[in-house]
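Read-outs: derived from the displayed coordinates by stated rules, not from any lab. Because the structure is a prediction, the values reported are computed rather than measured. Positions of Cβ are generated from backbone atoms using ideal geometry, with glycine treated the same way; all protein chains shown enter the neighbour counts.
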Ligand SMILES: [Zn+2]
């Protein structure tokens, strides 16, 4: 269940709004035609009267009534079409028009959710992620290996930076494809600009495209929100709404852990968040410049040990890609 109840209701309300608009729009076109071509109104009135008469006859045991009416109806409809065309209207001008023909704007077709419902769901999940625009630019399709060194061996790994990166990307794709079955949590470590945020964005987009709810926070924003929840009684409601999402979304991305202003509150909230999400079987991806040892020193033993035992660890190496890109642009 990737949508909350209120998000589901929002989607359904949008369908109801659309159905109302369809009806208004249809009535408006019908009235317009009636005004221009009064004979068409007469024909419609005749169709209604004949229909009612035929229903009465059928109730009185006249078995042929429906059959006769169908013949009359065809004839009357044909007369309508001729008049409509003569007045210069398109043939479907008096028909109801739908945004989605398949489900007639109900969201369901043949007892299943329509593809337009899935689109609406995906739109909501993107909006909720906090990184909608970034995800259009940073995803597995736009990922480039141009900035990774294919010549120099990383000695402790026995492969080049490029080979290692290809392996990491394969693992990330597999993680996103199989989530949550083969692992729910990842920790990306590495210095600034090695591609940690880019990779988390790639995974985020792949997950949202599978209708999995993802929420992105920089660690600074997350702890700010949590402290508002804790201390600011005035906006309690707003903060609680944000907070519920943080514990319940299927994937939480916590970017740049270690760059926030650290204190006892941050430390305890980080543990609460990490621990609570593990207990609720929800996924978390953390990226940080800190090593595990540094995490232990900066926060606490128990955070480091929860992460060690429940997260897949992905260290990233290499130089600052953003610097390389800048220098490259400088050369051209
Ligand atoms: Zn539809």
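Observations on the model:
- In a fully extended conformation the segment linking residue 297 and residue 68 would gain 73.6 nm over its present Cα-Cα distance, using 0.36 nm per residue.
- Separation between Cα centres of segment 1-47 and segment 284-301, rounded to whole Å: 56 Å
- Segment 174-207-segment 124-162 distance, computed between alpha-carbon centres (Å): 9 Å
- Efficiency of FRET from Cβ geometry, residue 60 and residue 34, R₀ 25 Å, rounded to 0.05: 0.20
- Long-range tail of P(r) for segment 5-109 (Cα pairs > 25 Å, %): 43 percent
- Beta bridges per DSSP with both ends in the chain, % antiparallel, nearest 5: 15 percent
- Each label point was placed 7 Å from the Cα along the Cα-to-Cβ direction; for residue 173 and residue 210 their separation is 1.4 nm.
- Computed FRET value (nearest 0.05) for residue 310 with residue 26, which takes r as the C-beta separation and R₀ as 51 Å: 0.35
- Look at 124, 292, 208 and count the other Cβ atoms within 10 Å of each Cβ; fewest to most, that gives 292, 124, 208.
- For the peptides 167-174, 179-186, the ranking by packing is 179-186, 167-174, with the highest mean count of neighbouring Cβ atoms within 10 Å listed first.
- Taking 0.36 nm per residue of sequence separation and removing the Cα-Cα distance, the residue 87/residue 279 pair yields an extension gain of 62.3 nm.
- For segment 129-331, the relative contact order works out to 29 percent when only alpha carbon pairs closer than 8 Å and six or more residues apart are counted.
- Using the Cβ-Cβ distance between residue 78 and residue 166 with R0 set to 51 Å, the FRET efficiency works out to roughly 0.15.
- Taking label positions 7 Å along the Cα-Cβ direction at both residue 152 and residue 221, the computed distance is 3.4 nm, reported to one decimal.
- Stokes-Einstein diffusion of the chain at 25 °C, 0.890 mPa s viscosity, Kirkwood radius from Cα pairs, rounded to a whole number: 99 µm²/s.
- Residue separation of residue 97 and residue 264 scaled by 0.36 nm, minus their Cα-Cα distance, works out to 54.2 nm of gained length.
- The protection proxy used here, the mean number of other Cβ atoms lying within 10 Å of each residue, ranks peptides 22-30, 215-223 as follows, highest first: 215-223, 22-30.
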